[in-house]
Amino acid sequence: MRRQVRRTEDGREEIIYRLVCPVCGQIGPAIPAEGKEEAVAIAEAVDAWNAMIARVRPLEA
């Protein structure tokens, strides 16, 4: 899990969470943490990762 800060188009900084594969380095979708507890944002990042993998490899899911 990576916690990163990125700048939005309007110049604000926002914290995002992304799951990164330790084997191949593939990066999952960015999940903004704004208005969420850290544990919720991390859980959403894991769910987004699982959904991404299920779309890419549907027969392995």
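Throughout, read-outs are computed from the coordinates displayed, never taken from laboratory work. What you are looking at is a predicted structure, and each value in this text was computed from that prediction instead of being measured. Counting neighbours? That spans all protein chains shown, and the Cβs are built from the backbone with ideal geometry, glycine included.
Structural remarks
- Residue in the stretch 43-54 that is of a type outside the set (D, E, K, R), on the phi > 0 side of the Ramachandran plot and either surrounded by fewer than 13 Cβ atoms within 10 Å (Cβ to Cβ) or out of contact with any Ser or Thr (no Cβ under 9 Å at 6 or more places or on another chain) (or both) present: no
One line per residue, one yes/no per condition, for (1) among the aliphatic types (A, V, I, L, M); (2) without any contact (Cβ under 8 Å) to a residue 24 or more places away in the chain:
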site	(1), (2)
Asp10	no, yes
Glu14	no, yes
Val40	yes, yes
Asp47	no, yes
Met52	yes, no
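- Val23 being in a strand (DSSP E or B) and exposed (fewer than 10 other Cβ atoms within 10 Å of the Cβ): no
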